[in-house]
Structure formats: C-alpha cells, structure tokens
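Written below as structure tokens is the structure these notes are about.
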Protein chains: 2
Amino acid sequence: MNYIEKYIEENKDRFLEELFGLIRIPSISSVSAHKPDMYKAAEYWKELLLKAGADKAEIFETDGNPVTYGEKMIDPAKPTVLVYSHMDVMPVEPLELWKSAPFEPEIRDGKIWARGADDDKGQGMMHAKAFEMMVNTHTLPCNVKFMIEGEEEIGSPNLGKWCEQHKEMLKADVILVSDTTMIRPDLPTITTGLRGLAYWQVEVTGPNRDLHSGLFGGAVANPINVLSKMIAGMIDDNGRITIPGFYDDVLEASAEERALLAEAPFDPETYKKAIDVEELAGEEGFSTTERTGIRPSFDVCGIWGGYTGEGAKTVLPSKAFAKISTRLVPNQNHEKIAVLFKEHFESIAPKSVKVEVKSLHGGQAYVCPIDLPAYQAAEKAYVDVFGRRPVPFRSGGSIPIISTFEQILGIKSILMGFGLESDAIHSPNENFPLEQFYKGIQTIPLFYKYFAEMSEV
Amino acid sequence: MNYIEKYIEENKDRFLEELFGLIRIPSISSVSAHKPDMYKAAEYWKELLLKAGADKAEIFETDGNPVTYGEKMIDPAKPTVLVYSHMDVMPVEPLELWKSAPFEPEIRDGKIWARGADDDKGQGMMHAKAFEMMVNTHTLPCNVKFMIEGEEEIGSPNLGKWCEQHKEMLKADVILVSDTTMIRPDLPTITTGLRGLAYWQVEVTGPNRDLHSGLFGGAVANPINVLSKMIAGMIDDNGRITIPGFYDDVLEASAEERALLAEAPFDPETYKKAIDVEELAGEEGFSTTERTGIRPSFDVCGIWGGYTGEGAKTVLPSKAFAKISTRLVPNQNHEKIAVLFKEHFESIAPKSVKVEVKSLHGGQAYVCPIDLPAYQAAEKAYVDVFGRRPVPFRSGGSIPIISTFEQILGIKSILMGFGLESDAIHSPNENFPLEQFYKGIQTIPLFYKYFAEMSEV
C-alpha cells in the first residue's frame with residue numbers, strides 16, 4: 001500500500017461524511033427558491049478548501065450564483081493546476097421515482113445514492129480530498145487553484161464574465177475537471193470532445209383563453225396541435241434536423257476518425273437493455289457512438305399545455321410550451337444556431353397562432369488534442385491505478401464553460417471523469433460507486449506528479 | 001307585468017342567493033378529492049326541489065356520483081316534462097387567470113362570475129325557480145320530474161345504467177335541458193344538433209428513466225419528439241383527420257342543409273377578435289359554422305412530459321403524455337371511433353417507444369327534428385319573451401347523455417339554452433348575465449304552458 005492508498009484508507013469515512021454534508025445542501029441552480037442554498041454550498045466549499053490546506057479561500061459574487069475560489073501557491077516556478085468543479089445540481093423531479101430522498105445520501109450496494117453524488121459534488125470532492133492528501137503528506141508538486149461555480153447546470157451564464165475579471169488570479173497551465181464518465185469501471189476514459197448546446201423555451205398561443213373544445217374545436221387552431229406539428233417538422237425522416245443552415249459549420253468526420261471511434265467498445269444489446277428500449281433511433285448513416293459523439297441532436301426536454309390533471313377535461317387550450325435543446329459539435333457556433341432556430345421556428349408558425357422563442361442558454365463544443373503533455377500525464381496516472389491506458393472519448397454531453405475557459409483564459413482542460421453511465425446523473429436515483437470515488441482520489445495526485453515531472457523537462 | 005314577471009321581480013334576490021349557495025360547493029367531478037362536494041351538491045338540490053314544491057325528492061347512488069331526483073305529479077292525464085341538469089362543474093385551472101375566486105360568486109357588470117355560473121348551475125337553477133313559480137302561482141300545467149346528475153362533465157359514465165334501472169320512474173313526454181347557448185342575447189337559439197365525443201389519454205414511453213440529453217441525445221428516441229410527430233400526423237394538410245375509416249360513417253350534409261346553415265349570422269372578424277386570433281383554421285372546404293356544427297374535429301386537450309419547471313434542464317425524458325379528443329357528428333359511433341384511434345395510434349408508433357392508449361370517455365351525437373311539438377312549444381315560449389323566432393342550431397359541443405336518453409328512455413330532448421358564447425364555460429372567468437338568468441326563468445313556464453296546450457289537442 002503506497003502513501004496515497006494509506007491516507008485514503010485512514011480517512012475514507014471522514015471523506016464520505018464531508019461529501020454527505022455537501023450533498024445535503026439542495027443547491028438546485030435552476031430554481032430561484034434555492035438561492036440561499038447556493039450560498040451555503042459556497043461556504044461549505046470555502047471551509048473545505050481551507051481545512052484541506054489552501055493558503056486562502058474566498059466566496060466571490062457574480063451576477064448570478066457565487067463562485068468559491070481557493071489556492072495554494074508553493075513555488076512560482078512550479079506548474080499551476082486550476083481545478084474546476086461545480087457546487088450546483090440538477091432538479092430532482094419526478095420525486096416519486098427516487099428510492100431514497102435525493103438530498104439524504106444513502107449507501108446501498110456499494111454506491112452513494114443522492115442528487116449530486118456523482119455530478120458534480122462527488123467528483124468535485126475527490127479533488128478536495130486529493131489536494132488535502134498531498135498537503136498533509138508533503139507531496140504537493142504543483143501550485144493549485146480551485147474554482148467551484150454554482151451555475152454549471154444552467155449553462156454557466158456568469159462564469160465567463162467572472163473569468164474575464166479575474167484572468168490574472170486564474171492563471172494556470174492546465175484546467176483539471178472531473179465531470180464526465182468512464183466507458184466501463186475497468187476502462188478509464190479521458191473525454192477529449194464535448195458537444196455544445198443551444199436551449200430554448202417556446203410558447204405557442206392560439207386563442208386568448210382556454211376554449212370549449214366542442215364549441216370551437218375544428219374551427220380554431222389548437223396550439224398543442226400546432227406545436228406538435230412544428231416540432232415534428234424539425235426532424236426529417238432520416239433523423240436530420242431541418243433548420244436551414246443548421247449543418248453548415250459541422251465538420252464532417254473523416255473516414256479515419258470514424259474508424260477510430262468504431263474501435264471503442266459498444267454493445268447495442270447491453271445499451272438497449274440498460275434503458276429498456278427495443279430499438280435505437282437517430283440520424284441515418286451514423287452509429288450510436290457517432291450520433292452522440294460527433295453529430296448534433298435535437299431533443300424536446302419538456303412540453304406542456306392544456307389540461308394535465310386527472311380525468312377528461314374537454315378544452316381547446318390557449319397556450320402550449322416546450323423546452324427544446326440541440327447538442328452541437330465542434331465548429332458549430334451556438335449563438336448562430338440560436339438565431340437560426342428562432343428564425344426557422346417563427347417562419348414555420350401558421351398565422352392562426354402567435355409564437356415566442358426565448359433562448360435559455362448555450363455553449364460551444366470543445367476538443368482536446370491527445371498529444372498535449374497534460375493529456376499524457378493523465379494517461380499515466382490512470383495506467384498506475386487502473387492498470388490500462390485510458391481511451392480518448394468524444395462525449396455527447398456539454399460543459400459549455402470548458403470552451404469558454406479556452407477562449408477567455410487560453411487554457412486547455414483535461415477531463416478526467418470517474419463517473420459511470422449507470423450513475424443516472426440528471427435522473428432520479430443518481431448514484432456514484434464508492435470504488436470510483438476512492439479511485440478518483442487515488443488517481444488525481446498521480447496526475448499532479450506526472451504533470452510536474454513533464455513540466456520540469 | 002304578468003304573473004311570471006311579478007313573481008321573478010319579488011323573488012329575484014333570493015333566487016340569486018340560492019344559486020350562490022349551490023355555486024359555493026366546488027363540485028368538480030373529474031377530481032376525486034371533490035367526491036364529498038358531490039354529495040353536498042346533491043343534498044342542496046334535494047332541498048331546493050322540496051322547497052320549490054316537489055312531492056318528493058331523493059338522492060340516488062350510482063356507481064359514480066349521486067343523482068338527485070324529484071317530482072311533482074299533478075294529473076296522470078297531463079303531459080310529463082323531465083328536466084335534466086347537472087350539479088358537477090369543470091376544473092378551474094389555471095387559477096391565476098381568474099379575476100375573482102371561481103367558487104366565490106361575484107356580481108360585476110351585470111353578470112355572475114363563478115365556475116358553474118352558466119354551466120350548469122345557473123341554467124339548472126332557472127328550472128328550479130320556474131318550477132317554484134308555477135307551483136306557488138298555481139299555474140303548473142304538467143307533471144314535472146327533475147333528474148340532476150353529477151358526472152356530466154366527465155361524460156356521464158353511470159347515468160345510462162341508472163336510467164335503465166329507473167325507466168318507469170323516468171317516464172316522460174319530453175326531456176327539457178338548458179345546457180347550451182344562444183347565438184346572441186337578442187337571438188334565441190334552440191340547439192337541434194350536438195356533436196359526439198371520443199376522448200383518450202395516451203402515454204409514450206422511451207427509455208426507462210429520464211436520460212442526460214447530451215450523453216444519449218441523438219441516439220435514443222425522445223418520447224416527446226415521437227409523440228409530437230404522432231400527433232402531427234393525425235391531421236393532414238387539408239385539416240382532415242387521418243385515422244383510417246374515421247369519416248366512413250359521417251353523413252355528408254346536402255347542399256340544401258349547408259345553405260340553411262350559411263344563413264345563421266356569423267361575422268368572422270368579430271369571432272376572431274373575441275378570441276384574439278389572426279386567422280381561423282380547420283378542414284378545407286367548410287365554413288366555420290360547418291367546421292363546428294357538422295364536421296368532426298381533433299383536439300389535443302392537454303400534453304405533458306419531461307421537465308416543465310423553471311430554467312433549462314437538459315433531459316431526454318422517459319415519458320410523454322397527451323389527452324386527445326375528437327368531436328363526432330351524427331351517425332359516427334364513438335365506440336367504433338375509440339377502437340379506430342387506438343389501432344391507428346399504436347400502428348404509427350415507432351419500435352423505439354412503447355405506447356399505451358386509454359379511452360377516457362365517449363358519447364354519440366344527437367339530432368332533434370324541428371317539427372316536434374315540443375320544439376314548437378319552445379319556439380312559442382321564446383317568441384313571447386324575446387320577441388322573435390328562435391334559430392335552430394347545430395352546436396359543436398357534446399352532451400353525450402342526450403343521445404343516451406333517446407336510446408334508453410326513448411325520449412327526445414329539447415335544448416333550450418340561455419347561455420352566451422362569452423360566458424367562458426370550461427374556462428377561467430366563467431360568467432352568466434343576470435338578464436339571461438331571469439329571462440330563462442321567464443321563458444321556461446311558457447314552454448310548459450304551450451307544451452300542455454299542444455298535448456291537449
């Protein structure tokens with residue numbers, strides 16, 4: 001047992017307790033009623049960093065939720081690692097599907113069950129504890145900075161501006177992030193690509209009030225009928241998005257790239273079984289891995305309108321709403337896509353309704369080259385702990401702020417994720433295996449070690 | 001001032017108080033939590049009938065909500081009028097659109113504002129008070145029976161069976177109903193046609209849990225995208241319903257009938273302005289009056305799925321739901337249509353989702369011939385009070401029980417409605433003009449008078 005494993009073994013229960021304390025704060029960033037919880041979470045992180053050995057830690061205000069920043073500078077000649085994580089979590093609805101309360105963490109079957117257990121309180125906590133270990137064992141080889149934000153799940157609308165304002169303070173050689181997944185528990189994965197995102201809320205208004213569906217039905221446009229048709233028209237029979245110009249900037253993957261992607265292990269039967277669907281669906285001519293990795297997608301995340309209660313109310317409703325998102329790939333500009341969607345959605349609306357399109361958030365896609373020294377340091381760290389080379393992976397998810405960091409701070413991010421697909425992030429019964437949590441704490445210090453060594457050369 | 005007007009004048013405030021008492025009972029039949037209110041309303045009606053002069057009144061249990069029945073038999077040789085009304089009301093959502101609380105009736109601008117003010121507590125109360133007037137002025141010319149049910153707004157699922165069980169008790173020469181509207185306050189209207197109804201709830205299931213729209217988006221069918229497409233496909237570009245066989249039994253109106261319908265006053269600009277839409281929409285080749293009167297329609301009454309809260313949750317939801325209704329015309333069988341819809345909906349579902357279709361309710365359409373003596377008695381009553389002949393009207397609405405009465409009891413119904421289109425029944429801010437309420441009470445006794453006279457001939 002090396003010094004890292006020994007430290008973890010001696011402190012593992014306390015690590016969990018500290019994580020549970022953080023999880024118990026219901027810091028849902030998309031619901032404004034939880035604003036006070038964001039401050040509790042920021043305060044919690046501040047104390048965590050100070051106790052772990054930071055020289056200083058501070059809560060910064062932004063135009064939205066606060067950011068906790070902390071640092072330990074050991075030597076200006078040494079490389080600096082900037083750790084990024086987020087203290088906010090997704091909403092927890094539908095509550096009735098949770099087997100245990102989302103903000104009361106429980107250990108069952110070797111996993112932590114709670115909202116944020118993985119995304120990103122669990123993965124963020126690994127960095128705090130790895131840092132503490134390095135400080136207490138006098139093995140910290142780099143300067144460390146922590147930037148923990150409170151708006152990742154709503155698209156980090158204010159962190160870009162905050163980074164602009166604190167460029168000097170945030171100077172670093174690499175940004176280290178654990179907010180992604182591994183393909184399998186025995187197959188470590190470094191995410192080298194992230195999809196971008198554009199997200200809207202649309203409102204379709206028919207008559208100025210709910211009408212009797214008998215007296216008016218058939219003569220007045222029903223906004224739900226209309227919205228359904230507008231949504232249906234957004235994807236053609238080949239699974240391609242019909243917004244004019246949508247694919248203009250998409251970089252088509254080369255045959256070689258696609259061959260590499262096809263090497264990643266993927267078993268469609270296991271995949272279908274895990275989510276209980278009989279058939280997969282998506283853009284014609286692309287594999288599942290490609291559909292989520294290198295191709296954009298169009299999903300209605302929510303829809304509502306009319307009577308949704310018990311029984312059969314016969315109504316021709318006044319309004320229908322939907323929350324619509326597209327995932328974007330490198331080279332697509334989310335701001336341009338936001339405009340294209342709005343123009344298209346408005347143009348296909350019949351005159352019998354009024355439509356309103358609000359852009360809720362967006363972010364660019366990201367790519368990390370695998371010849372980067374930081375990438376190679378991460379690779380070596382994984383080899384030491386997992387016994388095999390990690391796979392570079394293009395994820396379908398979005399962390400819009402990652403490309404913003406590159407634009408504003410000029411720093412590349414390394415995405416060392418320890419989550420698993422079965423962790424059900426953003427869903428009921430989110431969980432995080434204890435083994436992944438502790439292996440993460442074990443792997444991170446090795447990244448620091450190899451990164452420092454490479455920087456010396 | 002005749003004896004009817006005098007009686008109304010002397011008792012008008014008490015009439016209102018009695019109506020308000022009934023309105024204050026929130027008897028929403030589609031919400032099971034309001035079950036106790038149904039009994040309160042039934043009790044209220046029982047007392048109302050007894051105080052008005054009924055020989056007896058009784059609350060009957062059914063498999064659903066109770067029925068209040070009361071009668072006054074003056075002479076077996078005289079004709080018998082069976083009054084039908086309902087004590088239940090529609091849900092009141094969205095509550096925030098009401099200018100005053102739905103179950104706290106208020107008088108503003110010469111109108112009663114409340115849920116049920118028109119449909120059908122206000123219109124039902126007119127019959128109770130007209131009956132009381134005839135008893136107290138010793139002018140009642142017919143035997144009278146009252147049948148007040150508690151499930152009209154959910155399609156009267158149990159009244160048919162109850163009628164079967166009480167055929168003898170319910171024997172009558174005509175059924176008199178006030179649950180429809182007049183075209184204008186100065187243009188009395190007798191509804192001679194009602195559309196039928198078939199209503200379903202559909203559930204589309206994609207993955208077995210909500211998924212992260214980034215990690216899975218583009219590779220897994222999104223049930224909202226799919227449901228939207230399925231709904232969109234239900235109506236073609238000419239506004240025709242695409243369910244195979246749907247129109248097979250529709251009786252196409254003759255050129256002569258359509259010419260008669262076209263004589264009814266209709267101003268599209270006023271109509272559009274009242275509901276604030278720029279353009280009307282519906283089946284190609286038919287006028288607005290035809291679209292609601294003699295043609296079937298397809299409306300999504302409610303839709304929901306995924307994240308519908310504040311902000312931008314990126315989720316690929318597990319499920320999407322819709323409440324879907326069609327209005328049917330004479331000769332279409334709602335049970336046949338229910339099967340056609342279910343088969344079609346299931347057949348167009350892609351293999352990437354599972355669908356479930358539940359039939360929530362249905363009813364046949366109805367037609368009343370204008371050469372019926374009871375129709376002519378109603379016509380004369382209106383002429384006396386409104387100074388002009390009423391217009392026979394094919395309504396787009398459904399009162400499924402009306403055709404059931406004909407099937408089971410073998411009695412035709414006369415639909416003497418005193419509501420106005422601006423009464424916003426089924427919507428927020430339902431209202432009923434005081435003038436219509438009192439004119440109704442004035443007109444009804446004249447119907448009894450003429451109906452008795454005609455029956456003597």
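The values are calculated or read from the model by the stated rules, or taken from the named source; none is laboratory data. All of these numbers come straight from a predicted model, not from anything done at the bench. Note that each Cβ is placed from the backbone with ideal geometry, even for glycine, and that neighbours are counted across all protein chains shown. We work out accessible area using only protein heavy atoms, side chains counted, and drop any ligands, DNA or RNA first. Shrake-Rupley method; radii C 1.70, N 1.55, O 1.52, S 1.80 Å.
Note down all Cβ pairs under 6 Å where the first residue falls in segment A:35-53 and is in contact (Cβ under 8 Å) with a residue 40 or more places away in the chain, the second is β-branched (Val, Ile, Thr), and they're at least six residues apart or on different chains.
Within 6 Å, the pairs are A:Ala41/A:Ile25; A:Ala42/A:Ile59; A:Ala42/A:Thr68; A:Trp45/A:Thr68; A:Trp45/A:Ile148; A:Gly53/A:Val135.
On the given criteria, is B:Glu343 under 27 Å from A:Ser213 (Cβ atoms) and not small (Gly, Ala, Ser)?
Details: under 27 Å from A:Ser213 (Cβ atoms): yes; not small (Gly, Ala, Ser): yes.
Spelling it out, B:Glu343 is indeed under 27 Å from A:Ser213 (Cβ atoms) and not small (Gly, Ala, Ser).
Given (1) out of contact with any strand residue (DSSP E or B) (no Cβ under 8 Å at 6 or more places or on another chain); (2) crowded, with 24+ Cβ neighbours inside 10 Å, where does B:Val144 come up short, assuming only one miss?
So the condition that B:Val144 fails would be (1).
Does B:Phe386 fit the bill of being of a type in the set (Phe, Trp, Tyr), in contact (Cβ under 8 Å) with a residue 60 or more places away in the chain and either within 14 Å of chain A (Cβ to nearest Cβ) or within 30 Å of A:Asp276 (Cβ to Cβ) (or both)?
On the way: of a type in the set (Phe, Trp, Tyr): yes; in contact (Cβ under 8 Å) with a residue 60 or more places away in the chain: yes; either within 14 Å of chain A (Cβ to nearest Cβ) or within 30 Å of A:Asp276 (Cβ to Cβ) (or both): no.
No: the conditions fail for B:Phe386.
Please specify each residue of segment B:182-221 satisfying the condition of being in a loop (DSSP other than H, G, I, E, B) and among the charged types (D, E, K, R). Spell out how you get there, then give the answer.
Narrowing segment B:182-221 to residues in a loop (DSSP other than H, G, I, E, B): B:183, B:185-186, B:188, B:195, B:206-210, B:218-219, B:221.
Selection gives B:Asp186, B:Arg195, B:Arg209, B:Asp210.
Looking only at segment B:1-26, count every residue that is within 20 Å of B:Ile425 (Cβ to Cβ) and either outside any helix (DSSP H, G or I) or open to solvent by 30 Å² or more (accessible area, probe 1.4 Å) (or both) and tell me the total.
Matching residues across segment B:1-26 total 3.
Count, please, the residues in segment A:429-457 that happen to be open to solvent by 10 Å² or more (accessible area, probe 1.4 Å) and touching a Leu at 6+ places or on another chain (Cβ under 9 Å). Spell out how you get there, then give the answer.
Our first condition is that a residue be open to solvent by 10 Å² or more (accessible area, probe 1.4 Å); within segment A:429-457, this holds for A:429, A:433-435, A:438-439, A:442, A:446, A:449-451, A:453-457.
Still in the running and touching a Leu at 6+ places or on another chain (Cβ under 9 Å): A:429, A:433-434, A:451.
Total meeting the criteria: 4.
Please enumerate the residues belonging to segment B:240-254 that are among the hydrophobic types (A, V, I, L, M, F, W, C) and more than 30 Å from B:Asp186 (Cβ to Cβ). Give the steps one after another, and end with the answer.
We begin by selecting, within segment B:240-254, every residue among the hydrophobic types (A, V, I, L, M, F, W, C); these are B:241, B:243, B:246, B:250-251, B:253.
Answer for segment B:240-254, where residues must be among the hydrophobic types (A, V, I, L, M, F, W, C) and more than 30 Å from B:Asp186 (Cβ to Cβ): B:Ile241, B:Ile243, B:Phe246, B:Val250, B:Leu251.
For segment A:27-58, give me each residue that is open to solvent by 20 Å² or more (accessible area, probe 1.4 Å) and either within 14 Å of chain B (Cβ to nearest Cβ) or aromatic (Phe, Trp, Tyr) (or both).
Correct list: A:Val31, A:Ser32, A:Ala33, A:His34, A:Lys35, A:Tyr39, A:Tyr44.
If a residue must be away from chain A (no Cβ under 14 Å) and open to solvent by 10 Å² or more (accessible area, probe 1.4 Å), how many such residues does segment B:78-99 contain?
Here the count works out to 3.
For segment B:199-215, which positions are within 7 Å of another protein chain (Cβ to nearest Cβ) and open to solvent by less than 10 Å² (accessible area, probe 1.4 Å)? So that I can check it myself, show each step before the final result.
Taking segment B:199-215 and keeping what is within 7 Å of another protein chain (Cβ to nearest Cβ), we get B:199, B:206-215.
Passing the criteria: B:Tyr199, B:Gly206, B:Pro207, B:Leu211, B:Ser213, B:Gly214.
Considering only residues that are within 17 Å of A:Ala41 (Cα to Cα) and either in a loop (DSSP other than H, G, I, E, B) or acidic (Asp, Glu) (or both), which ones fall in segment A:146-173?
Of the residues in segment A:146-173, the ones within 17 Å of A:Ala41 (Cα to Cα) are A:146-154, A:156, A:159.
Matches in segment A:146-173: A:Glu149, A:Gly150, A:Glu151, A:Glu152, A:Glu153, A:Ser156.
How many residues does segment B:402-420 hold that are buried (at least 22 other Cβ atoms within 10 Å of the Cβ) and either in contact with an Asp or Glu (Cβ under 6 Å, 6 or more places away or on another chain) or more than 14 Å from chain A (Cβ to nearest Cβ) (or both)? Break it down into steps so the answer makes sense when it comes.
Looking only at segment B:402-420, we keep the residues that are buried (at least 22 other Cβ atoms within 10 Å of the Cβ), and these are B:402, B:405, B:413-419.
Filter again for either in contact with an Asp or Glu (Cβ under 6 Å, 6 or more places away or on another chain) or more than 14 Å from chain A (Cβ to nearest Cβ) (or both), leaving B:405, B:413-414, B:416, B:418-419.
Result for segment B:402-420: 6.
Return the residue satisfying two criteria in turn: it lies in segment A:246-286 and is in a loop (DSSP other than H, G, I, E, B) and of a type in the set (A, V, I, L, M), and of such residues it is surrounded by the fewest Cβ atoms within 10 Å (Cβ to Cβ). Spell out how you get there, then give the answer.
Restricting attention to segment A:246-286, the residues satisfying the condition of being in a loop (DSSP other than H, G, I, E, B) are A:246-254, A:264-267, A:276-286.
Right, trim to of a type in the set (A, V, I, L, M) and you get A:250-251, A:253, A:264, A:277, A:280-281.
On the way: A:Val250: 16, A:Leu251: 13, A:Ala253: 18, A:Ala264: 16, A:Val277: 20, A:Leu280: 18, A:Ala281: 20.
Among residues in segment A:246-286 that are in a loop (DSSP other than H, G, I, E, B) and of a type in the set (A, V, I, L, M), the one surrounded by the fewest Cβ atoms within 10 Å (Cβ to Cβ) is A:Leu251.
Please determine, by comparing only the residues of segment A:147-174 that are open to solvent by less than 20 Å² (accessible area, probe 1.4 Å) and more than 18 Å from A:Ala57 (Cα to Cα), which one is farthest from the chain's Cα centre (by Cα).
Residues of segment A:147-174 that are open to solvent by less than 20 Å² (accessible area, probe 1.4 Å), as a first pass: A:147-153, A:155-156, A:159-160, A:162-163, A:170, A:174.
This time we only want the ones that are more than 18 Å from A:Ala57 (Cα to Cα), so: A:151-153, A:155-156, A:160, A:174.
Values: A:Glu151: 11, A:Glu152: 7, A:Glu153: 7, A:Gly155: 9, A:Ser156: 11, A:Gly160: 16, A:Val174: 19 Å.
Filtering first and then ranking leaves A:Val174.
Would you check which residues across segment B:222-245 are assigned to a loop (DSSP other than H, G, I, E, B) and either surrounded by fewer than 18 Cβ atoms within 10 Å (Cβ to Cβ) or within 13 Å of another protein chain (Cβ to nearest Cβ) (or both) and list them? Talk me through it step by step, then tell me what you get.
We begin by selecting, within segment B:222-245, every residue assigned to a loop (DSSP other than H, G, I, E, B); these are B:222, B:233-234, B:236-240, B:242-245.
B:Asn222, B:Gly233, B:Met234, B:Asp236, B:Asp237, B:Asn238, B:Gly239, B:Arg240, B:Thr242, B:Pro244, B:Gly245 - these are the residues of segment B:222-245 that are assigned to a loop (DSSP other than H, G, I, E, B) and either surrounded by fewer than 18 Cβ atoms within 10 Å (Cβ to Cβ) or within 13 Å of another protein chain (Cβ to nearest Cβ) (or both).
Identify the single condition in (1) within 14 Å of another protein chain (Cβ to nearest Cβ); (2) outside any strand (DSSP E or B); (3) farther than 16 Å from A:Gly419 by Cβ that A:Asp179 does not satisfy, given that it satisfies every other one.
Here A:Asp179 clears every test but (3).
Being of a type in the set (A, V, I, L, M), in contact with a Phe, Trp or Tyr (Cβ under 8 Å, 6 or more places away or on another chain) and in a loop (DSSP other than H, G, I, E, B) is the filter here, so list the residues in segment A:410-428 that pass it.
Within segment A:410-428, just A:Ile411 meets the criteria.
Which residue, of A:Gly218, A:Gly196, is without any contact (Cβ under 8 Å) to a residue 40 or more places away in the chain and either within 30 Å of B:Phe393 (Cβ to Cβ) or surrounded by 20 or more Cβ atoms within 10 Å (Cβ to Cβ) (or both)?
Numbers: A:Gly196 fails: without any contact (Cβ under 8 Å) to a residue 40 or more places away in the chain.
Matching residue, one of A:Gly218, A:Gly196: A:Gly218.
All but one of (1) within 14 Å of chain B (Cβ to nearest Cβ); (2) among the polar types (S, T, N, Q); (3) open to solvent by 40 Å² or more (accessible area, probe 1.4 Å) hold for A:Gln376, so report the exception by its number.
(1)
I'd like the full set of residues that are within 14 Å of chain A (Cβ to nearest Cβ), in contact (Cβ under 8 Å) with a residue 40 or more places away in the chain and open to solvent by 60 Å² or more (accessible area, probe 1.4 Å), limited to segment B:322-359.
B:Ile348, B:Lys354, B:Lys358, B:Ser359
When you check A:Lys319 against the structure, is it in contact with a helix residue (DSSP H, G or I) (Cβ under 8 Å, 6 or more places away or on another chain) and in the same structural domain as A:Val357 (by TED's automatic domain parsing), yes or no? Write out each step before concluding.
Details: in contact with a helix residue (DSSP H, G or I) (Cβ under 8 Å, 6 or more places away or on another chain): yes; in the same structural domain as A:Val357 (by TED's automatic domain parsing): yes.
The answer is yes for A:Lys319.
Does segment B:426-447 contain at least one residue that is over 20 Å from B:Pro185 (Cβ atoms), at pLDDT 95 or above and within 14 Å of chain A (Cβ to nearest Cβ)?
yes
Among the listed residues B:Asp267, B:Asp299, B:Asp276, which satisfies the condition of being without any contact (Cβ under 8 Å) to a residue 12 or more places away in the chain and within 10 Å of another protein chain (Cβ to nearest Cβ)?
Numbers: B:Asp267 fails: within 10 Å of another protein chain (Cβ to nearest Cβ); B:Asp299 fails: without any contact (Cβ under 8 Å) to a residue 12 or more places away in the chain.
After applying the criteria, what remains is B:Asp276.
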